[in-house]
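Okay, structure first, notes after.
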Amino acid sequence: MTQPRPGGLGRATALMASGSLVSRMLGIVRNALLGLCIGGMGAVSDAFQTANTLPNTIFILLQSGVLTAVLMPQLTRALRRERDGDRMTDALLTAIFVLIGAVTALALVFAGPLVSLMGLRGAAHTLGVAFAYWCLPQIFFYALYAVLAQVLNVRERFGLVMWTPAFANLVQIAGMVVFLFLFSRPAAAQQWSPELFTPPRIAVLAGTATLGIAVQAIPLAVALPRAGYRWRPTLRLRGYGFRAAGRVAVWMASAVVIAQLGGVATQAAINLVASGARANGQIVAGQFVYQQAFTIFMVPHGVITVSLLTALLPRMTRAVQEHDADRLRGDLGQGLTMPLVAMVPITALLVALAQPISRVLNPGIDPESVAAIASAFAWMSVGLVGYAVVGLQQRYATAREDGRTYLTFQVIVTVIQVAVAALILTVPPPRR
């Protein structure tokens, strides 16, 4: 079994941060182009954003419930098994590939009900289902990327994992440029209506979105042999201790299902409010505004916090398995203090500059949408510190294979999310 190369936390974090920064800035460019393609507000933007968010929503259930909770601890154990570590990894990956293939197929079968669950109605629902058939295969490629990334991360090969999302954004940007070149736009982006979106338009926009996610995973598959591992399919799962890992996965999966209930409640509330406003003859901020604000919010979180915690997770997992409490405490201290030192001043800066930042990053989008993005972004930025702490708590629970504690914290968060979503639905729609 090939052991990981030694490397410093600072070097690994810097390498990942650079890739994350490039990728997330390209993501902002992608979203700005998307606003030109479908408008910042309206039924079309809500339909596409809902359909394109569905794969990620379902993938998160797999990632935190199975891929993270099971993969990292089990892959770390596999590295320590000199005789059959690679065979253990082969069995684990084969089982997971079968699982994610089945989940993707089921999602395609139930595309219509899934879109309904997200709160789309009328013509927006019909268009959302059409987009969903093109977007839902992303589930498989998101999961493939996550699995291969874990194999590389446990071997401390971090760099490519954070750079390949930039390839996905480049493909999606190219698809939107092609869309703008091939298809004429209304005089105002807000005049897009679902009836104008013919099958070719749907295929170009949603198809290239899925192609980008597929391209994201391919370089990692090519990099595996260089990291000292070649996958050989096998369904022989006995003898590796996976049953105990399955019990941990049940706790983690329960926590993530509850977390996604909060996310679904938020998305559905946004769509229902937007649909009600449209029925009243009004155009209000919807999925596009929310997703664009969240994309900008994720730049500092992804570049600083996620990069550091991704490098820390294999170290914490090894410290737990080697019963090294001092090393684990040291890793936890770094994971808590390093992001917080950066995030406190960054939060203040982003709240103060939300309006100009949103304007600069969204050229060509109408002023009303920019103002809505800025407002949402400012409120989200207040949560940067909390997001960092929650991210560390989740990875600590993963390293210790302690799903019960993670579940307890997640229930509290989700109750608050659902309560806020329900409160939003009580607000009367704007009047004409």
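Scanning the stretch 392-403 for residues being surrounded by fewer than 19 Cβ atoms within 10 Å (Cβ to Cβ) and in a helix (DSSP H, G or I) gives a total of 2. Tyr406 satisfies every condition listed in (1) surrounded by 15 or more Cβ atoms within 10 Å (Cβ to Cβ); (2) modelled with pLDDT of 80 or more except (2).
Within the stretch 329-346, residues that are farther than 13 Å from Val389 by Cβ sit with their Cβ atoms under 6 Å from residues that are among the hydrophobic types (A, V, I, L, M, F, W, C), at 6+ positions apart or across chains, in these pairs: Asp331/Leu312; Asp331/Met316; Ala342/Ile304. Of all residues in the stretch 127-150, which are more than 15 Å from the chain's Cα centre (by Cα), among the aliphatic types (A, V, I, L, M) and surrounded by fewer than 24 Cβ atoms within 10 Å (Cβ to Cβ)? Hits for the stretch 127-150 are Val129, Ala130.
Could you go through the stretch 133-153 and let me know if any residue there is without any contact (Cβ under 8 Å) to a residue 12 or more places away in the chain, of a type outside the set (Ser, Thr, Tyr), outside any helix (DSSP H, G or I) and out of contact with any Leu (no Cβ under 6 Å at 6 or more places or on another chain). No - not one qualifying residue is present in the stretch 133-153. Is one or more of the residues making up the stretch 354-368 surrounded by 21 or more Cβ atoms within 10 Å (Cβ to Cβ), β-branched (Val, Ile, Thr) and either modelled with pLDDT under 80 or outside any helix (DSSP H, G or I) (or both)? There is at least one residue in the stretch 354-368 that is surrounded by 21 or more Cβ atoms within 10 Å (Cβ to Cβ), β-branched (Val, Ile, Thr) and either modelled with pLDDT under 80 or outside any helix (DSSP H, G or I) (or both). For Gly228, the conditions (1) over 30 Å from Glu368 (Cβ atoms); (2) at pLDDT 90 or above; (3) small (Gly, Ala, Ser) all hold with the exception of (2).
If you go through the stretch 36-54 and keep only what is over 20 Å from the mean Cα position of the chain (by Cα) and crowded, with 20+ Cβ neighbours inside 10 Å, you end up with Cys37, Ile38, Gly39, Gly40, Met41, Gly42, Ala43, Val44. A search for C-beta distances below 7 Å between a residue of the stretch 172-187 that is within 14 Å of Thr210 (Cβ to Cβ) and at pLDDT 95 or above and any residue that is among the acidic types (Asp, Glu) and outside any helix (DSSP H, G or I), counting only pairs 6+ apart in sequence or on different chains, returns nothing. The set of residues in the stretch 18-48 that are at negative phi and small (Gly, Ala, Ser) comprises Ser18, Gly19, Ser20, Ser23, Gly27, Ala32, Gly35, Gly40, Ala43, Ser45, Ala47.
Checking the stretch 254-265 against the condition returns no match, with no residue being modelled with pLDDT under 75, assigned to a loop (DSSP other than H, G, I, E, B), buried (at least 18 other Cβ atoms within 10 Å of the Cβ) and touching a helix residue (DSSP H, G or I) at 6+ places or on another chain (Cβ under 8 Å).
The values are calculated or read from the model by the stated rules, or taken from the named source; none is laboratory data. No experiment lies behind these values; they were computed from the predicted model shown. Note: ideal-geometry Cβ built from the backbone for every residue, glycine included; neighbour counts use all protein chains shown.
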